[in-house]
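Below: one structure, written as structure tokens.
Just so you know, all these numbers are worked out from the coordinates, no wet-lab data involved. What you are looking at is a predicted structure, and each value in this text was computed from that prediction instead of being measured. Please note: Cβ atoms are built from the backbone with ideal geometry, for glycine as well, and neighbour counts cover all protein chains shown.
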Amino acid sequence: MSYFKPYIDESGYHYPTYNEILESFIDDFQTIYGSGAYLGSDSQDYEFLSKIAEKIYDTYQTCELVYDARSPVTAIGTGLDYIVAINGIARKQATKSMVVLTLSGEPNTTINNGFVSDTNGNIWDLPEVTIIGDTGTVQVEAYCRDAGLIQAAPGTVTHIMTPVAGWESVTNEGSAATGTVTETDSELRARQADSVALPSQSMKDGLRAGLSAISGVSRREVYENDTNAVDANGIPGHSICCVVEGGEEAEIGEVIFLRKGDGVGTYGGPVGSAGRKEVHVTDASGQDNTILFSRLSYVDVAMQITITRRAGYKTSTPDEIKAAIIEYLDTFSIGTDLTTSIIWMVAQSINVDARTPTFSITEVLAARNGDDLSTSDVVIDFDEVARGREPLISVVIAN
């Protein structure tokens, strides 16, 4: 094609390529100075025209970005932030992991602005003031200094970084609640699509969107039982069960209360279960309403992936496979069974070029941590999600 003036029609924004712009300049130059004017690629005039063409092409590309920024489907980065603000939402920023620590030492020892570290060198900040109790121990919530997907297995946060007389030891009995990374463009687009469901006729869609909009909520699912009997998940008839990861309990309860619909009951799991949460919401008439929901339970999955080496194999491949699986499961859907075929797919994705793989997979075994490994799928309950942890993933090299 030859040069044409940029235009917008029903199919979008159109503009000439760099080569078309440059050829137009060359034609105009020779029209003015004659066809005998030398414009080879080694000439100064050609170089000058090419620089002008480059700047014009850059400008046209910038206009394309501005044009695309009008829609959440095509906007990127800051442009997407601006456009989704119309729907009253903003990009979720990275959050910090939290771990419950047990500090031991002499009773009534005061620790000011203390911090500890785990076996991977991550720093965890204690509350501004921590006092060891009369029993010689105290439990506190510590937050990782760096935001993001930072994990801490039980018994790994053990290093005192700010020694204080009377403070003897620190440890974590449970795993850390993993933080989140800054929301990506694709995740923000998906949440924007959810947000337009807030005023929808489907209360279930509106509830999902409302929960997604809560700061700190990374995953959520809403189950509905519209029958008269208890369903297979234990949800009573004419009730809903919201399973939520992250976010403040009071805010979650408020959103469920406002969007569940009149006469709809709430369920948060069996009485006494660890994930069951109860929130009291006061309505406009001053009446107290009990709202139940469930916190997400994590299922640590043990895996064994057997591979054979091929040409171009790298020694870092096993670590790359483990990291890819862990990253994939960090956003896995709630209540979804983990199939060995999914693990196989994620592990295989480490091959940069599927046509010339540097390794092949011969077997994938998986099971809930503690169960016998097998090729069977790992069954996940409605209020659970599969989780990958590096010590539980084994990559076996067959040759």
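Observations on the model:
- Amide H to amide H, with H built 1.01 Å from N, residue 182 comes under 5 Å of 94, counting only residues 5 or more places away or on other chains.
- Taking the charge dipole of region 298-397 about its Cα centre, with +1 at Lys and Arg Cβ atoms and -1 at Asp and Glu Cβ atoms, the residue from 362, 374, 394 reaching farthest to the positive side is 362.
- Cβ-placed point charges (K, R +1; D, E -1), dipole of region 298-397 about Cα centre in debye, nearest 20: 600 debye
- Calculated from backbone phi, Karplus (6.51, -1.76, 1.60) coupling profile of region 57-70 in Hz, x at Gly/Pro: 4, 4, 5, 4, 5, 5, 4, 5, 4, 5, 4, 5, 5, 7
- Of the trypsin sites (Lys or Arg not before Pro) found in region 15-114, none is in coil by DSSP with at most 10 other Cβ atoms within 10 Å of its Cβ.
- Listed from fewest to most Cβ neighbours within 10 Å, the set 212, 394 follows the order 394, 212.
- Charge dipole of the chain about the Cα centre (unit charges at C-beta), most positive-ward option of 223, 74, 326: 326
- When the GluC sites (Glu not before Pro) in region 194-269 are filtered for DSSP coil states and for at most 15 other beta-carbon atoms within 10 Å of their beta-carbon, the remaining sites are 248.
- A simple count of charges around residue 122, restricted to other residues whose Cβ falls under 10 Å of its Cβ and scoring Lys, Arg +1 and Asp, Glu -1, yields -1.
- Rounded to the nearest 20, the Cβ-based charge dipole of the chain about its Cα centre (Lys and Arg +1, Asp and Glu -1) stands at 360 debye.
- Selection among 269, 303, 285 by position relative to the dipole of region 252-371 gives 303 as farthest towards the positive end (Cβ unit charges, Cα centre).
- Annotation for residue 93 and residue 233: the two label points, set 7 Å from Cα along the Cα-Cβ direction, are 3.3 nm apart.
- Fully extended contour minus Cα-Cα distance, from residue 26 to residue 73, at 0.36 nm per residue: 13.1 nm
- Summing charges over neighbours of residue 96, with a neighbour being any other residue whose Cβ is under 12 Å away from its Cβ, gives -2 when K and R count +1 and D and E count -1.
- The magnitude of the dipole of region 200-295, with charges of +1 and -1 set on the Cβ of Lys/Arg and Asp/Glu and taken from the Cα centre, is near 240 debye.
- Estimated [θ] at 222 nm from DSSP helical runs (n ≥ 4, -39500 (n - 2.57)) normalised by residues in the chain, nearest 500: -8000 deg cm²/dmol
- Extending 7 Å from Cα along the Cβ direction at residue 102 and again at residue 128 yields two label points whose distance is 2.9 nm.
- Here 271, 181 are placed in order of increasing Cβ neighbour count within 10 Å, fewest first, which gives 271, 181.
- On the beta carbon distance between residue 304 and residue 17, with R0 = 41 Å, the FRET formula returns roughly 0.20.
- Taking every alpha-carbon pair under 8 Å whose residues sit at least 6 apart, the chain reaches a relative contact order of 10 percent.
- The length gained on full extension between residue 274 and residue 339, counted as 0.36 nm times the residue separation minus their Cα-Cα distance, comes to 20.8 nm.
- In plain terms, the chain is cut at each of the chymotrypsin sites (Phe, Trp or Tyr not before Pro) found in a DSSP loop with at most 14 other Cβ atoms within 10 Å, and the longest leftover piece is 39-399.
- Each 5 Å bin, from zero up to the one with the longest distance, holds this percent of the alpha carbon pairs of region 298-397: 3, 14, 26, 25, 16, 9, 5, 2, 0.
- Calculated from the structure at hand, Kirkwood radius over Cα pairs in Å is found among (1) 22.3; (2) 26.1; (3) 23.7 as (2).
- Each label point was placed 7 Å from the Cα along the Cα-to-Cβ direction; for residue 119 and residue 190 their separation is 3.2 nm.
- All other residues whose Cβ lies under 13 angstrom from that of residue 3 are scored, Lys and Arg at +1 and Asp and Glu at -1, for a net of -3.
- Where both bridge residues fall in region 298-397, DSSP classifies roughly 55% of the beta bridges as antiparallel.
- When you filter the trypsin sites (Lys or Arg not before Pro) in region 295-396 for DSSP loop state and at most 14 other Cβ atoms inside 10 Å of their Cβ, you are left with 310, 314, 355.
- Extension gain for residue 35-residue 63 works out to 6.7 nm (0.36 nm per residue, less the C-alpha to C-alpha distance).
- Estimated FRET transfer efficiency when R0 is 41 angstrom, pair residue 398-residue 159 (beta carbons, to 0.05): 0.60
- For region 256-265, the Karplus equation 6.51 cos²θ - 1.76 cosθ + 1.60, evaluated at θ = phi - 60°, returns couplings of 4, 4, 6, 10, 6, x, 5, x, 8, x Hz by residue, with Gly and Pro reported as x.
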